[in-house]
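Before anything else, here's the structure in question.
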Amino acid sequence: MVKKISSLADLELIAKEYGERMSAYEHQILVCAGAGCISCGCGAVRDTVRSTLSELGLDNKAIVKETGCMGTCAVGPVMLLLPERIFYVGLTPENIPSLLKAHFVDGKVVEERTFFDPIQKKYIPGMDDIPFYKEQVRIVLRNCGIVEYGQIESYIADGGGYRAAHKALTSMTPGEVVGEVKASGLRGRGGGGFPTGQKWEAGLNAAGDRKYLVCNADEGDPGAFMDRSVIEGDPHNVIEGMIIGGYAIGATRGFVYIRAEYPIAVERLSAAIAEARDYGLLGDNLFGTDFSFDLEIRIGAGAFVCGEETALMASIEGQRGEPRQKPPFPFQAGLFGKPTIINNVETYANIPSIIDGGAAKFASIGTEKAKGTKVFALAGNIITSGIVEVPIGTKMEDIIYKIGGGILNGKKFKAAQVGGPSGGCITSDNVDVPMDYETLIARSAMMGSGGLIVMDEDTCMVDTARFFLDFVQDESCGKCTACRLGTKRMLEILQRITRGKGRMDDLDTLMELAETVRDSAMCGLGQTSPNPVLSTLRFFREEYEAHVIDKKCPAGVCVHLLSYSINPEKCKGCSACARACPVEAIVGELKKPYVIDRTICVKCGNCMTVCKFGAIVKE
Amino acid sequence: MSETRQECRFCAGGCGEQAKYAELDTVIESYKDREGCLIMVLHAAQEIFGYLPIELQTYIADKLMIPLSEVYGVVSFYSFFSMKECGKHTLRVCLGTACYVRGGMRLIEHIKEKLNVEVGGTTADKTFTFEVARCIGACGLAPAIMIDDEVYKHVTPKYLDEILAGY
Ligand SMILES: Cc1cc2nc3c(=O)[nH]c(=O)nc-3n(C[C@H](O)[C@H](O)[C@H](O)COP(=O)(O)O)c2cc1C
Ligand code: FES
């Protein structure tokens with residue numbers, strides 16, 4: 001049984017003791033145990049680090065800590081050595097022993113296992129010199145990759161944790177907390193960008209004997225994984241943000257709704273909640289005040305629409321996750337009919353820093369209308385995919401090129417999808433767009449939750465629009481007609497176009513349907529579902545026309561519109577393609593150019609893969 | 001999490017029905033007084049029994065004293081719940097945006113051919129139930145697949161063969 005924390009002195013004692021325990025070691029080895037690194041086997045890496053240390057007789061010189069995601073998921077598993085701040089990547093149980101020996105025994109930095117910067121084309125051993133990190137500003141992620149997610153002492157010591165909750169509960173009134181959040185200019189990070197302080201004020205003023213606080217960790221946007229990294233890497237930060245939120249609005253109970261696809265997040269947050277409870281940071285009379293607060297996790301069951309707040313609350317209540325009309329707004333009648341405030345994971349993760357450092361400091365970052373930072377999940381055809389946090393208003397090109405290192409395989413940038421299935425695409429003409437709520441909307445995209453998918457020249461935009469529509473059509477809950485039938489009809493048209501059966505009037509019908517669905521669907525899912533179609537139609541109309549009029553897919557993606565042929569100038573007549581063809585569509589004589597019979601060809605692309613002379617033409 | 005599963009909860013026949021119902025009863029008991037616990041109970045039931053046949057739904061409805069229609073309504077709404085018997089492992093290929101852009105479709109075709117199974121179906125030997133996921137949050141590692149709780153990154157058809165051979 002641990003001692004309950006009831007004062008600042010208790011927190012400081014824990015920090016001091018933890019600090020002393022750590023300072024007994026000359027080195028700390030932080031091994032990333034983010035989801036990305038876990039799936040590349042960081043568990044085995046960690047074990048090998050431990051066993052190698054003891055073989056080298058270094059157990060009492062270096063301690064191994066397991067942290068959350070360091071962000072560079074593409075090159076995992078990774079580890080950071082302190083105090084020298086050398087960052088090693090691409091670790092395996094095989095390369096660990098020689099690496100540790102070279103580093104600790106021979107005192108040499110093993111360059112070829114450090115981060116390779118694709119722009120400067122050289123290895124960069126020091127974490128702080130790597131552009132991926134240098135260009136970031138970390139508030140939400142300040143502890144990710146630094147504290148041990150499974151140790152509340154580490155959060156208290158390394159992360160300065162629970163000081164903000166102590167400050168709010170013991171020296172501020174709920175009104176003052178709300179005032180501070182308002183002054184910070186924080187806006188919700190779940191997509192809509194609604195001012196958080198204003199929402200909390202409504203929660204505080206709502207009449208009711210019982211109020212609820214909910215954390216939205218559904219993160220349904222396919223292509224987003226920020227919230228997951230925050231929960232898995234720094235769960236106590238979210239818990240602390242929620243304690244402060246509960247105090248501000250007068251809620252004694254909170255729920256965290258996590259999607260079922262994130263078992264590790266559920267596991268780590270459950271452990272952190274239990275830890276906080278043991279230390280008296282959740283439960284009755286926190287910090288000796290008369291404020292009590294506790295948290296419960298609820299797990300989703302695979303429905304995208306449950307990210308929408310009214311659907312999410314229905315799901316917590318154990319019902320079908322169907323959205324309902326607003327008003328009444330959740331702060332009026334939410335969960336179980338009681339006033340409820342619901343915020344996104346990242347929103348809560350900002351709160352401790354705001355209370356701790358003050359609103360003014362937070363408000364000094366960002367743009368005039370949106371303060372602070374935004375975490376983006378950088379993925380797709382990009383070199384360094386991973387999690388990045390930048391001041392709101394940072395230019396997209398800086399994120400893609402300076403932080404992400406540019407496009408994979410030397411290809412050309414075509415577009416980036418921001419805001420997931422509710423968002424739109426940003427083209428190369430617009431890639432200098434500052435990433436803030438208003439400017440993105442003005443360019444037919446939206447901030448959304450922070451998914452940023454980079455697409456190269458080989459991506460077909462019509463097919464991308466079809467992909468997103470297929471997603472929303474599948475996820476439409478079916479309650480309102482506009483969304484249920486509208487998305488279905490739009491999908492049918494797009495399928496027809498990608499199969500080469502499109503007609504010119506399809507484009508007008510598509511426009512008309514898109515506008516109708518946007519204006520008449522009941523919830524955000526339906527209202528935003530036409531966005532990918534509208535934005536691709538606006539920026540890539542010629543690509544649609546190529547599909548409809550010329551029956552060609554310029555990017556070479558839509559299988560029905562492709563045809564393969566052999567360039568007789570390049571063909572050496574080696575017969576490799578003919579042997580690889582599964583349907584014997586390629587015929588010819590050795591040492592003479594071969595030909596493809598298009599009536600038989602199934603467009604599998606095998607011939608193209610095997611041809612050594614680049615003689616196969618796809619168009 | 002995965003450890004408890006391997007012991008017995010997911011096993012296809014080792015432990016008798018009775019033991020499973022007893023386990024479910026304990027779960028229901030622990031949740032009974034909490035509002036809106038149906039989904040959590042269904043999660044537990046699916047983990048214990050592997051799927052949610054109508055008899056099991058009736059049992060849960062009786063225990064929680066709610067109409068069967070409500071239980072069925074919830075089970076049929078959420079894609080995570082299955083009313084069909086599943087294979088020993090759930091194989092989910094991600095077709096989220098990142099994985100789609102980086103070749104998730106190729107994996108789908110490959111599995112269909114290799115395991116002779118359609119999306120949503122179970123292989124003849126009941127080893128795998130094959131499903132498509134909409135983003136499993138491993139976009140930085142696209143294309144990704146998930147077998148039970150295990151995520152595999154940068155999967156190619158060749159690598160997929162190696163992974164499947166391990167099950
Ligand atoms: C279809 C749909 C899906 C959504 N998915 C999420 C989600 O995954 N996570 C999230 O935080 N908000 C999501 N939202 C937004 C929520 O409804 C809500 O606005 C948000 O959780 C409020 O938190 P915030 O003010 O902190 O942004 C979604 C909205 C819609 C319409
Ligand atoms: S798109 Fe596949 S993990 Fe996100």
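Rounded to the nearest 500, what is chain A's calculated 222 nm mean residue ellipticity when only DSSP H runs of at least 4 contribute -39500 (n - 2.57) each, over all residues?
On the way: 24 runs with 234 residues, N = 619.
My calculation for chain A gives -11000 deg cm²/dmol from helical runs alone.
A follow-up question, please. Please compute, for the alpha-carbon atoms of the stretch A:11-129, the extent along each of the three principal axes and give them in descending order in Å.
45, 31, 27
Now for a separate question. May I ask you to rank A:GLU475, A:GLU389 by accessible area, largest first, using a 1.4 Å probe over the protein chains only?
Values: A:GLU475 35, A:GLU389 0 Å².
The ranking, largest first, comes out as A:GLU475, A:GLU389.
Can you list the aspartates and glutamates whose alpha carbon is less than 16 Å from that of A:LYS592, not counting same-chain residues fewer than 8 positions off?
Reachable aspartates and glutamates: A:GLU569.
Turning to a different aspect of this structure: Taking the Cα centre of the protein assembly as shown as origin, sum charge times position over the Cβ atoms of Lys and Arg (+1) and Asp and Glu (-1), and report the length of that vector in debye to the nearest 20.
Details: 85 positive and 100 negative charges, 367 e Å.
Here the protein assembly as shown has a charge dipole of around 1760 debye.
What nm distance separates the two modelled labels at A:ARG496 and A:LYS591, each placed 7 Å from Cα along Cα→Cβ?
5.4
Could I ask something else about it? What percentages, rounded to whole numbers, describe P(r) for the stretch A:108-198 computed over all alpha carbon pairs with 5 Å bin width beginning at zero?
Using 5 Å bins, I get a P(r) of 3, 10, 12, 13, 15, 17, 11, 7, 6, 4, 2, 0 for the stretch A:108-198.
Taking the Cα centre of each part, how many Å lie between the stretch A:139-211 and the stretch A:235-307?
Centre-to-centre distance over Cα atoms comes out at 12 Å.
A further question on this structure: On C-alpha positions alone, give me the angle between the axis of helix A:504-520 and the longest principal axis of chain A, in degrees, nearest 10.
20
Something else about it: So what does B:LYS84 come to for accessible area, using a 1.4 Å probe and Å² rounded to 10?
Spelled out: B:LYS84, probe radius 1.4 Å, area about 140 Å².
Averaged over its residues, how many other protein chain Cβ atoms are within 10 Å of peptide B:123-136's Cβ atoms? Before the final figure, lay out each step's value.
On the way: counts 0, 0, 0, 0, 0, 0, 0, 0, 1, 1, 3, 11, 15, 8.
The per-residue average across the peptide is 3.
Any idea which of B:PHE128, B:GLY73, B:VAL41 is furthest toward the positive side of the dipole for the stretch B:22-132, if Lys and Arg beta-carbons carry +1 and Asp and Glu beta-carbons -1?
Most positive-ward Cα: B:PHE128.
Counting other Cβ atoms within 10 Å of each Cβ, which chymotrypsin sites (Phe, Trp or Tyr not before Pro) in the stretch A:552-619 have at most 16 and sit in a DSSP loop? Let's see the in-between values first.
Values: sites: A:TYR564, A:TYR594, A:PHE613; in loops: A:TYR594, A:PHE613.
For chymotrypsin sites (Phe, Trp or Tyr not before Pro) across the stretch A:552-619 that sit outside H, G, I, E and B with at most 16 neighbouring Cβ atoms in 10 Å, the list reads A:PHE613.
Restricting to lysines 8 or more places apart or on different chains, can you count the pairs in the stretch A:152-363 with Cα atoms under 22 Å from each other?
Lysine pairs meeting both conditions in the stretch A:152-363 amount to 13.
Per Stokes-Einstein, at 37 °C and 0.692 mPa s, what whole-number D in µm² s⁻¹ belongs to the stretch A:424-515, with the Kirkwood radius over Cα pairs as the hydrodynamic radius? Let's see the in-between values first.
Working: Rh = 14.9 Å.
For the chosen part, D equals 221 µm²/s.
Another question, if that's okay. If ligands, DNA and RNA are left out, what is the accessible area of A:THR92 with a 1.4 Å probe, given in Å² to the nearest 10?
Result for A:THR92: roughly 50 Å² accessible.
Further, regarding this structure: Against the globular-protein guess of 2.2 N^0.38 Å, express the Cα radius of gyration of the stretch B:17-77 as a ratio, rounded to two decimals.
Details: Rg = 10.4 Å, N = 61, 2.2 N^0.38 = 10.5 Å.
So the stretch B:17-77 has a normalised radius of gyration of 0.99.
Right, next: Under unit Cβ charges (Lys, Arg +1; Asp, Glu -1), what dipole magnitude, rounded to 20 debye, does the stretch B:89-165 have relative to its Cα centre?
280
Which FRET efficiency, nearest 0.05, do A:ASP209 and B:ILE163 yield, Cβ-Cβ r, R0 60 Å?
On the way: r = 54 Å, r/R0 = 0.90.
Efficiency computed from Cβ-Cβ geometry: 0.65.
Here's something else I'd like to know. Could you work out, residue by residue across A:299-312, how many beta carbons of other chains sit within 10 Å of that residue's beta carbon, and then give the average as an integer? Write down the numbers at each step before the final one.
Details: counts 4, 4, 12, 8, 4, 3, 1, 2, 0, 0, 0, 0, 0, 0.
Counting Cβ atoms of other protein chains within 10 Å of each residue's Cβ and averaging gives 3.
Okay, moving on. Tell me, what is the 1.4 Å probe accessible area of A:ASP59, in Å² to the nearest 10?
80
Between A:SER98 and A:ASP128, what's the calculated FRET efficiency when r is the beta-carbon distance and R0 is 22 Å? Round to 0.05.
Details: r = 25 Å, r/R0 = 1.15.
Using R0 = 22 Å, I get an efficiency of 0.30.
Provide, as a two-decimal number, the C-alpha radius of gyration of chain B over 2.2 N^0.38 Å, N being how many residues it has.
Values: Rg = 17.4 Å, N = 167, 2.2 N^0.38 = 15.4 Å.
Computed over Cα atoms of chain B, the ratio equals 1.13.
Roughly how many whole Å is it from the C-alpha centroid of the stretch A:579-619 to that of the stretch A:462-511?
Using only Cα atoms to place each centre, the spacing works out to 34 Å.
Continuing with this model, one more query. Among residues other than A:PRO421 whose Cβ falls under 10 Å from its Cβ, what is the net charge (Lys/Arg +1, Asp/Glu -1)? Mind dumping the intermediate values first?
Details: positive: B:ARG134; negative: A:ASP221, A:ASP470, A:GLU475.
Every neighbour counted, the sum reads -2.
Oh, and also: Heavy atoms only, 1.4 Å probe, whole protein assembly: order A:LYS570, A:LYS591, A:LYS3 by accessible area, highest first. All intermediate terms of the calculation are to be shown ahead of the outcome.
On the way: A:LYS570 100, A:LYS591 175, A:LYS3 140 Å².
Listed by decreasing accessible area, they come as A:LYS591, A:LYS3, A:LYS570.
Now for a different question. Mind jotting down the three principal axis lengths of the stretch A:461-550 based on Cα atoms? Whole angstrom, largest first.
Per principal axis, max minus min of the Cα coordinates gives 39, 20, 19 Å.
On to the next question. If contacts are Cα pairs under 8 angstrom and at least 6 residues apart, what is the relative contact order of the stretch B:89-165 in percent? Please list the in-between numbers first.
On the way: 130 pairs, mean separation 30.0, N = 77.
This gives 39 percent for the stretch B:89-165.
Could I ask something else about it? Could you go through the stretch A:362-373 in sequence order and give the Karplus-derived ³J(HN,Hα) for each residue, using 6.51 cos²θ - 1.76 cosθ + 1.60 with θ = phi - 60°, rounded to whole Hz, and x for Gly and Pro?
For the stretch A:362-373, the Karplus-derived couplings read 4, 6, 6, 9, x, 10, 4, 9, 9, 9, x, 10 Hz, x marking Gly and Pro.
Further question on the same structure: Taking a 1.4 Å probe, which of A:GLU368, A:GLU346, A:GLU148 shows the most accessible area, and what order do the others take after it?
Numbers: A:GLU368 165, A:GLU346 0, A:GLU148 30 Å².
From most exposed to least exposed: A:GLU368, A:GLU148, A:GLU346.
Report the convex hull volume per residue for the stretch A:373-456, counting only C-alpha atoms, in Å³. Please report the intermediate quantities before stating the final value.
On the way: hull volume 6.0 nm³, N = 84.
Output value, Cα hull per residue: 71 Å³.
Can I ask one more? If amide H atoms are built 1.01 Å from N in the plane of the peptide, which residues on other chains or at least 5 residues away come under 5 Å of the amide H of A:ILE596?
A:ILE566
While we're here: Averaging the inverse of every distinct alpha carbon separation and then flipping it gives the Kirkwood radius. What is it for chain A, in angstrom units?
On the way: mean 1/r = 0.0378 Å⁻¹.
Every distinct Cα pair counted, the radius reaches 26.5 Å.
Can I ask one more? Kirkwood hydrodynamic radius (Cα pairs, Å) of the stretch A:152-363?
Working: mean 1/r = 0.0593 Å⁻¹.
Its Kirkwood hydrodynamic radius stands at 16.9 Å.
Could you please state, rounded to a whole Å, how far the C-alpha centre of the stretch B:41-56 is from the C-alpha centre of the stretch A:44-107?
Using only Cα atoms, the two centres lie 43 Å from each other.
The values are calculated or read from the model by the stated rules, or taken from the named source; none is laboratory data. Quantities reported herein were computed from a predicted structural model and do not represent experimental measurements. Here Cβ is always computed from backbone atoms with ideal geometry, including for glycine, and neighbour counts include all displayed protein chains. These area figures cover heavy atoms from the full protein model, side chains too; ligands, DNA and RNA do not enter into them. Shrake-Rupley method; radii C 1.70, N 1.55, O 1.52, S 1.80 Å.
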